[in-house]
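What follows draws every value from the coordinates through simple rules; no lab data is involved. Being a predicted model, the structure only gives us computed values, none of them experimental. We place every Cβ from the backbone using ideal geometry, glycine too, and count neighbours over all the protein chains shown.
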Amino acid sequence: MKEEIEKIKQSALSEIEKASDARQLDDVRVKYLGKKGELTTILRGMGSLTPEERPVIGSLVNVVKEELEELISKKEKEYGEQELNRKLKEETIDITLPSTKIKRGSKHPLNRIIEEVEDLFVSMGYDVVTGPELETDEYCFERLNLPKGHPARDMQDSFYITSEYLLRTQTSAVQARTMMANEEKSPIRVICPGKTYRRDDDATHSHQFSQVEGLVIDKNISLADLKGTLEIFVKKMLGENLSLRFRPSYFPFTEPSYEVDVSCFKCGGKGCNLCKQTGWIEVLGSGIVHPNVLKMNGYDPEKYSGFAFGTGLDRLAMFKYEITDIRLLYQNDVRFLEQFDRLDR
Ligand code: DAH
């Protein structure tokens, strides 16, 4: 029995010696010291020994067991340290390496304009509202005093989806929505920026474009309020030294209606290619809300009056940033968009 134990010890020692990593070491532990390990089996079989042999063999096995355990844990510790050092070395970060550049996006010029317009009007007490781009004929035209068959519908070449639904041709649709949604029929002061669609496609017209609509309804609103408001709007957006000109025009939802021109900011009014030698550039449509529109949307024209205006945000962006082709605003070419980053610096 003693020789057998000695043999087991020797073979365990040589296997510990050979084990080259923590895993192999663990295999050796299981093989000799585990539940079904060779030494454990001997301890289990002690019952068949004589009472004299039992304490001798028992203590011998325990001595060997302790010796092996000690050796295994010593080697385990060594391997643990080696493994840690290997990991530390492998995962060292070289802080002298150049970093990979993270590419930043740019704020779109149209969004810059929208934010600027919103900030200005919010500072004057307006709410910013939105409406659906897929709009009904009712809100886009009928409730704005443009019944079916009205000749002024030809001013806007529309994308109809069905006979009732179309892509809105103007943010003016939100005028009727706001008036109808206001059940108390209390005063209104809103702007609505958003996307609009018409069947156009050339350097100054895109099938998708952006407008901002303004609507104010209250008691005793007059043309003076409209003029004052638009003067602040245009001067803040395009330049304090510009002059404005109100030219009588026609829109079905306003009476009287005006187109607003601004003195050419390129030539100062002398005449150039931008203003087509007229010295003026048209920037806005506007007017006093037509009594029919008030009535159709639940406001009593005897008590309330209002003004409205609408302008193309693309045109504003083009003037402000000297962009010559409107389609550039819708192509998402990073080389184009990045040019506006310097405005943030
Ligand atoms: N909706 C008009 C257009 O798209 C612009 C406009 C004109 C809006 C007069 C208005 C307005 O609110 O009063 O051409």
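When residues of segment 118-138 are filtered for being over 20 Å from the mean Cα position of the chain (by Cα), in a helix (DSSP H, G or I) and in contact (Cβ under 8 Å) with a residue 12 or more places away in the chain, how many remain? Here the count works out to 4. Of the residues making up segment 149-189, those that are within 16 Å of the ligand (Cβ to nearest atom) and small (G, A, S) are A152, S158, S172, A173, A176.
Among residues that are of a type in the set (A, V, I, L, M) and farther than 24 Å from D200 by Cα, I102 is included. R44 meets each of the listed conditions (1) part of a helix (DSSP H, G or I); (2) out of contact with any Asp or Glu (no Cβ under 8 Å at 6 or more places or on another chain); (3) touching a residue at least 12 places away in the same chain (Cβ under 8 Å) apart from (3).
Here S206, S210, S186 are screened, and the one residue that is of a type in the set (G, A, S) and surrounded by fewer than 17 Cβ atoms within 10 Å (Cβ to Cβ) is S186. Among the residues of segment 294-345, those that are more than 30 Å from K227 (Cβ to Cβ) and surrounded by 12 or more Cβ atoms within 10 Å (Cβ to Cβ) comprise D325, R327, L328, Y330, F336, L337, E338, Q339, F340, D341.
Within the span defined as segment 172-188, one or more residues are under 24 Å from S206 (Cα atoms), in contact with a helix residue (DSSP H, G or I) (Cβ under 7 Å, 6 or more places away or on another chain) and outside any loop (DSSP other than H, G, I, E, B).
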